[in-house]
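J.: There's a structure below that I have some questions on.
The values are calculated or read from the model by the stated rules, or taken from the named source; none is laboratory data. Quick caveat, the model's predicted, so the values are computed rather than measured. Neighbour counts run over all protein chains shown; Cβ positions are idealised from the backbone, glycine included.
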Amino acid sequence: SWLWKVRICSDETLNCFAFRLKICGGHPDFRLVCIEGNIASGKTTFLEYFSKTSNIEVLTEPVSKWRDVQGHNPLSLMYQDPERWGMTLQTYVQLTMLDRHLTPMVSSASVRMMERSIFSAKYIFVENLSRSGKMPAVDYAILSEWFDWITTNISIPVDLIVYLQTSPQTCHDRLKQRCREEEKVIPLVRRKVPRLDTFTAFKYLDSIHQLHEDWLIKQTSFPLPAPVLVIPADHDRQEMQNQYEENRDKIIAACFT
Ligand SMILES: Nc1ncnc2c1ncn2[C@@H]1O[C@H](COP(=O)(O)OP(=O)(O)O)[C@@H](O)[C@H]1O
Ligand SMILES: Nc1nc2c(ncn2[C@H]2C[C@H](O)[C@@H](COP(=O)(O)O)O2)c(=O)[nH]1
């Protein structure tokens with residue numbers, strides 16, 4: 001029996017055990033709040049504000065990984081040719097968002113705020129590529145099987161979704177202001193051209209907006225992994241900080257009910 005005890009305590013067994021625990025969802029000792037919203041709706045700004053709170057740990061979207069994976073930029077490739085590169089980007093988004101969900105806390109905080117989720121990657125962005133005819137059915141089917149396997153076999157607890165609800169016009173204006181390199185291929189003016197642009201910004205932002213509304217407000221499209229707290233986010237910076245403060249206690253309380 002001592003040999004069995006030695007085997008149980010051997011490193012590879014413990015590592016394997018820890019891995020299984022991680023995959024099978026050992027109960028995390030923190031609450032997770034996913035901050036959802038359209039492109040340029042103010043999620044990063046929201047997280048920057050709450051990152052100053054001692055009891056909250058913040059995880060932003062791994063956009064830097066999508067812009068540089070071993071020297072490749074799948075985000076840029078997708079914007080330039082979504083039919084060819086949509087699957088490539090979404091496969092990597094799904095991997096990196098799963099990694100985000102499973103990343104252990106690095107602090108003693110009891111609440112983690114995470115920018116978006118593996119759920120919005122699938123229910124918003126993959127769905128948008130598919131519905132706009134920019135993702136072949138076979139790609140959509142394979143991504144969906146991957147997503148279903150992951151969410152069936154791996155525990156991915158979410159305690160609250162905060163939805164920063166904006167109008168597409170507000171996001172359009174802020175996107176121009178931010179001016180991210182890869183997004184420059186999105187024509188930021190409503191162009192009247194005979195053929196449809198790959199990404200006519202306003203149409204793109206409006207589609208992404210509608211998918212958020214269907215999922216988080218009307219609740220007619222996909223299941224919700226957690227309750228939703230809606231924060232109107234079209235206001236200016238100062239008013240948004242007031243909104244953040246007015247909702248701070250509500251956010252924390254919702255995590256522990
Ligand atoms: N309330 C606001 N009013 C005006 N500009 C804002 C506001 N919140 C954020 N911004 C600006 O809009 C752009 C997008 O904000 P960001 O927080 O990066 O959005 P997201 O993370 O949702 O893409 C940034 O340039 C940011 O400085
Ligand atoms: N095709 C996808 N694009 C995505 C996804 N998640 C984010 N994004 C894009 C949208 C923006 O260009 C950029 C960062 O998003 P912000 O909302 O922070 O501006 O990445 C996705 O799953 N698929």
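J.: Is there any pair with a first residue in the stretch 68-87 that is over 12 Å from residue 183 (Cα atoms) and a second that is more than 12 Å from ligand 2 (Cβ to nearest atom) and outside any helix (DSSP H, G or I) whose Cβ atoms are under 8 Å apart and which are 6 or more apart or on different chains, and what are they?
T.: Once the first residue is over 12 Å from residue 183 (Cα atoms) and sits in the stretch 68-87, its partners that are more than 12 Å from ligand 2 (Cβ to nearest atom) and outside any helix (DSSP H, G or I) give 81/198; 82/198; 83/136; 87/136.
J.: Among the listed residues 140, 123, 92, identify the single one that is surrounded by 17 or more Cβ atoms within 10 Å (Cβ to Cβ) and over 17 Å from the mean Cα position of the chain (by Cα). Spell out how you get there, then give the answer.
T.: Numbers: 123 fails: over 17 Å from the mean Cα position of the chain (by Cα); 92 fails: over 17 Å from the mean Cα position of the chain (by Cα).
140 is the lone residue from the list that is surrounded by 17 or more Cβ atoms within 10 Å (Cβ to Cβ) and over 17 Å from the mean Cα position of the chain (by Cα).
J.: Out of 229, 211, report the one residue that is modelled with pLDDT of 95 or more, closer than 20 Å to residue 48 by Cβ and not aromatic (Phe, Trp, Tyr).
T.: Details: 211 fails: closer than 20 Å to residue 48 by Cβ.
Answer to the check: 229.
J.: Kindly indicate which of 54, 76 is out of contact with any helix residue (DSSP H, G or I) (no Cβ under 9 Å at 6 or more places or on another chain), hydroxyl-bearing (Ser, Thr, Tyr) and away from ligand 1 (no atom under 13 Å from the Cβ). Walk me through how you get there before you give the answer.
T.: Values: 76 fails: out of contact with any helix residue (DSSP H, G or I) (no Cβ under 9 Å at 6 or more places or on another chain).
None of the others qualify; the one that does is 54.
J.: For the stretch 139-187, what are the residues that are more than 13 Å from ligand 1 (Cβ to nearest atom) and farther than 28 Å from residue 85 by Cα?
T.: Passing the criteria: 155, 157, 158, 159, 160, 161.
J.: Looking at the stretch 242-249, is at least one residue surrounded by 12 or more Cβ atoms within 10 Å (Cβ to Cβ) and among the basic types (Lys, Arg)?
T.: Yes - at least one qualifying residue is present in the stretch 242-249.
J.: Checking the structure you have, find out if any residue of the stretch 59-66 is on the phi < 0 side of the Ramachandran plot, out of contact with any Cys (no Cβ under 7 Å at 6 or more places or on another chain) and more than 16 Å from ligand 1 (Cβ to nearest atom). I'd like the intermediate steps shown before the answer.
T.: Initially, the stretch 59-66 is screened for residues on the phi < 0 side of the Ramachandran plot, giving 59-66.
Still in the running and out of contact with any Cys (no Cβ under 7 Å at 6 or more places or on another chain): 59-66.
Checking which are more than 16 Å from ligand 1 (Cβ to nearest atom) leaves us with none.
The answer is no, given that none of the residues of the stretch 59-66 is on the phi < 0 side of the Ramachandran plot, out of contact with any Cys (no Cβ under 7 Å at 6 or more places or on another chain) and more than 16 Å from ligand 1 (Cβ to nearest atom).
J.: With the checklist (1) within 30 Å of residue 80 (Cβ to Cβ); (2) of a type in the set (S, T, N, Q); (3) modelled with pLDDT under 95 in hand, flag the one item residue 221 doesn't pass.
T.: (3)
J.: Here is a follow-up. Kindly evaluate residue 158 against the criterion of being among the hydrophobic types (A, V, I, L, M, F, W, C) and exposed (fewer than 14 other Cβ atoms within 10 Å of the Cβ).
T.: On the way: among the hydrophobic types (A, V, I, L, M, F, W, C): yes; exposed (fewer than 14 other Cβ atoms within 10 Å of the Cβ): no.
So residue 158 fails the test.
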